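All remarks here apply to the structure that follows.
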Amino acid sequence: MLFSVIVPVYNLSGYIEETINAILVSRLKCQNRTEIILIDDGSTDRTYGCIAKYKELQDVRIFRQDHKGLGAARNFGIKEAKGDYILYVDGDDLIEESTLKILEDLIIKKKPDLLVFQWQSITESSAKIGLPMADDSVEGIWLACWNKCYKRTLINEKTFPEEVLFEDTGYALDAYLSTNNRVFIELPLYGHRHRSGGISRSKHDFSARLGCLAGFESVLRNHPDNQRVKVIVVSTLLKHVWRTLGSGQLLTKNDIKVVKNFLEKFRLNEYPILFQLSRKRDRMLFRMFSLYAKLNL
């Protein structure tokens, strides 16, 4: 079996059938078998009934677990997967009709460990908006697990942090840095839905946003001397700070302490990083956290 498509689902009854149907259409174009693994993460709406309709289809496997979050659902899926290559599709997103065929052709031709492709935003009504995102650089691959296709052997030892939000921020970055055998596809093969109830659009306090640190820890441990990675981590962390402040919330003293300790632990508070931050506002925040570290507040 070539592909395992892992789809975690939680309370997405209004979208999941469109997502599954898009994967089914895309796999029709492939010569090799593709399995679809659906993990209902303790939904409380009609979601499980929606996915149960597909249980008789070949190579569609359905599982149900208590609500544990996206990280746990994906980790469960990877343990069950039989494919040589893994894709993650969120339960309200879409892939193109050509997605799996394009990936299959490149895998047969080049046998890469990792394929990275562009993605495009879609509305709640599935209309495409904006320009395609992602490029062929460590800064531009996008810190999400879903615009990539992973060779199983590349991610055998990698897991998602569980019981936190923003759990996939470090996963794809770690995979990207773990191999030089990569292919970049300059086509938007994935549609990421922006909706009011989605994680990326919801209002979160900063302690919830600090879930991103769990994913970054493994990257920094595995690549401790990669300066570009350090800048990506700091920039992402500061982005979460700004989004918290922009929503009218304040950082608690404990929040600031957690950030300060994280920066110190991985030597992210060194001034060479400051000069590589592209935004003035980020440089200002970086100085603030560095000052807290020096004053030991």
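Contact map, segment 96-108: residues that are outside any helix (DSSP H, G or I) paired with residues that are open to solvent by 60 Å² or more (accessible area, probe 1.4 Å), Cβ distance under 6 Å, separation 6+ or inter-chain. Pairs shown: 97/25.
Taking the conditions exactly as written (of a type outside the set (Val, Ile, Thr) and assigned to a helix (DSSP H, G or I)), does residue 285 satisfy them or not? Considered against the rule, which asks whether it is of a type outside the set (Val, Ile, Thr) and assigned to a helix (DSSP H, G or I), residue 285 comes out as yes.
If only one of 279, 209 is modelled with pLDDT of 90 or more, basic (Lys, Arg) and closer than 20 Å to residue 142 by Cα, which one is it? Even if it seems obvious, please write down each step before you answer.
On the way: 279 fails: modelled with pLDDT of 90 or more.
One residue alone meets the criteria, 209.
Residues of segment 86-112 that are over 16 Å from residue 132 (Cβ atoms) and of a type in the set (Asp, Glu): 90, 92, 97, 104, 105. Remark: pairs (first residue in segment 7-19, within 13 Å of residue 60 (Cα to Cα) and in a loop (DSSP other than H, G, I, E, B); second residue at pLDDT below 95 and open to solvent by less than 10 Å² (accessible area, probe 1.4 Å); Cβ separation under 9 Å; 6+ apart in sequence or on different chains) are absent.
Exactly one residue among 135, 174 is part of a loop (DSSP other than H, G, I, E, B), closer than 25 Å to residue 273 by Cβ and charged (D, E, K, R), and that residue is 135.
Residues that are surrounded by 18 or more Cβ atoms within 10 Å (Cβ to Cβ) and charged (D, E, K, R) were ranked within segment 68-107; the one that is farthest from residue 151 (Cα to Cα) is 92. Counting only residues that are among the aliphatic types (A, V, I, L, M) and assigned to a loop (DSSP other than H, G, I, E, B), segment 140-161 holds 3 of them.
Which of the numbered conditions does residue 265 fail, given that it passes all the others? Conditions: (1) open to solvent by 20 Å² or more (accessible area, probe 1.4 Å); (2) within 30 Å of residue 25 (Cα to Cα). The one condition residue 265 does not meet is (2).
Scanning segment 114-123 finds no residues that are surrounded by 14 or more Cβ atoms within 10 Å (Cβ to Cβ), part of a loop (DSSP other than H, G, I, E, B) and in contact with a Leu (Cβ under 7 Å, 6 or more places away or on another chain).
Of all the listed residues (182, 152, 228, 221), the sole one being open to solvent by 30 Å² or more (accessible area, probe 1.4 Å), basic (Lys, Arg) and free of Cβ contacts under 8 Å to residues at least 12 places away in the same chain is 221. Go through segment 248-271 and give me each residue that's in a helix (DSSP H, G or I) and among the hydrophobic types (A, V, I, L, M, F, W, C). Those that are in a helix (DSSP H, G or I) and among the hydrophobic types (A, V, I, L, M, F, W, C): 256, 258, 259, 262, 263.
The values are calculated or read from the model by the stated rules, or taken from the named source; none is laboratory data. Not measured: the values here are computed from a predicted model. So basically every Cβ, Gly included, is an ideal-geometry build from the backbone, and we count neighbours across all protein chains shown. The accessibility values were calculated without ligands, DNA or RNA, using every heavy atom of the protein model including side chains. Shrake-Rupley method; radii C 1.70, N 1.55, O 1.52, S 1.80 Å.
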